[in-house]
Each structure stands twice: as C-alpha cells, then as structure tokens.
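First the structure, in the form of structure tokens, and then the observations on it.
The values are calculated or read from the model by the stated rules, or taken from the named source; none is laboratory data. Note that the structure is a prediction, hence the values are computed from the model and not measured. Cβ: placed from backbone, ideal geometry, glycine included. Neighbour counts: every protein chain shown. Calculation scope for accessible area: heavy atoms of the full protein, side chains included, ligands and nucleic acids excluded. Shrake-Rupley method; radii C 1.70, N 1.55, O 1.52, S 1.80 Å.
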Amino acid sequence: MTIVQPRARGHQGYNTTVPRQPQTAREVRGLLRIAYATWGLEDYTESAQTVMSELVANAVRHACGDWIRIVIERPAQDKLLVAVADKSDRLPEVKHPGEDEVSGRGLGMVAEFADRWGVTELAGGGKRVWAEIDVKVES
Ligand SMILES: Nc1ncnc2c1ncn2[C@@H]1O[C@H](COP(=O)(O)OP(=O)(O)O)[C@@H](O)[C@H]1O
Ligand SMILES: [Mg+2]
C-alpha cells in the first residue's frame, strides 16, 4: 500500500516511496492522474505520465536499491514537477540511437514532453532525475 500525503511545505504535491520494480510505473501513472485531476490539470496528465514512465523505467533498469522516491509537485501555479530519486550514483546519459535501435530513447522522450529536465546528486548518495512541465495559463 502506498500512502500519499500532501506535503507540509508551502506548495502542493505528493511524495511517496515505492518499490524499485516494473509494476511501479503503473501505480505512479495512477498517482499522477489523481494529483492532476485534483489540480484541474487533466490536460497535462498524459505528458507527465509519459515522462514519469521513462524516469521510473530508468530507475528500475539502470539504478539499484529496493526503493525509489517519487515526486509529484506543483511548485508554482504555472509549473509542474515530476521526479524520481534512486540510490545509484550513475547518472543519466543521453544516447543517440540509430534508427534501428530500440533502446536509448527514453531521455529523448523526457526532453520532448518536458520543458526542462535534469539531475541533482543527493548528499546521502544517489540522485534525483527531475522534469518540469510549464502550465500554460489562460489569459
Ligand atoms: N536512473 C538512472 N540511473 C542510472 N543510469 C541511468 C538512469 N537513467 C538513465 N540512465 C543512463 O542513461 C542512459 C539513457 O537512458 P534512456 O534514454 O532512457 O535509454 P535506455 O533506458 O533505453 O538505455 C541509460 O542507458 C543509462 O545508462
Ligand atoms: Mg530508458
């Protein structure tokens, strides 16, 4: 069971620790759907789910440790943040796959669906791979 708690900090968001397993991707997509519905930002659900699916898949495939930390936040009215923290010190590395190669495309998808992405090394070891999606505010 995953307990999703609203953050104690100023902005809105959810943080949860989940097993570093392939099945987790599905659970995280569900969490995104719920969070974005709560915020009335359903239009952004698919993009965020795509980004998050790649980040979780990478943590499962390339990182280590039993658990990963999932971040679903809205740090500003017009900004959405998703992130996955894992225990591996290996950093993401953008690949340039040839047309016939099936792997090495995940971070390209992240770059395509997010407005910014990056990686932050964590003091206690491991890193957080994050992506931001801008909310287009209607005028
Ligand atoms: N969370 C991670 N931990 C360690 N290495 C990672 C992580 N995410 C990505 N990488 C590295 O970046 C590379 C590119 O990732 P990606 O574009 O998703 O391609 P793929 O996962 O198909 O190899 C991976 O092959 C891996 O070497
Ligand atoms: Mg990948």
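How much FRET efficiency would the formula 1/(1 + (r/R0)^6) give for D66 and D43, where r is the Cβ-Cβ distance and R0 is 25 Å, rounded to 0.05?
Details: r = 35 Å, r/R0 = 1.39.
Step by step, r from the Cβ atoms, then E = 0.10.
Over the chain, with every protein chain in place, what whole percent of the accessible area is carbon and sulfur at 1.4 Å, could you tell me?
Exposed carbon and sulfur together represent 48 percent of the surface.
Rounded if a/c is under 1.5, else prolate if a/b beats b/c, else oblate: with a ≥ b ≥ c from the C-alpha gyration tensor eigenvalues square-rooted, which is the chain?
Note, shape of the chain comes out oblate.
Nothing charged except the Cβ atoms of Lys and Arg (+1) and of Asp and Glu (-1): what's the magnitude of the dipole of the chain about its Cα centre? Round to the nearest 20 debye.
About 600 debye.
Of the peptides 96-109, 43-56, 75-88, how do they stack up when ordered by the mean number of other Cβ atoms within 10 Å, highest first?
Ranking, from highest mean packing down: 43-56, 75-88, 96-109.
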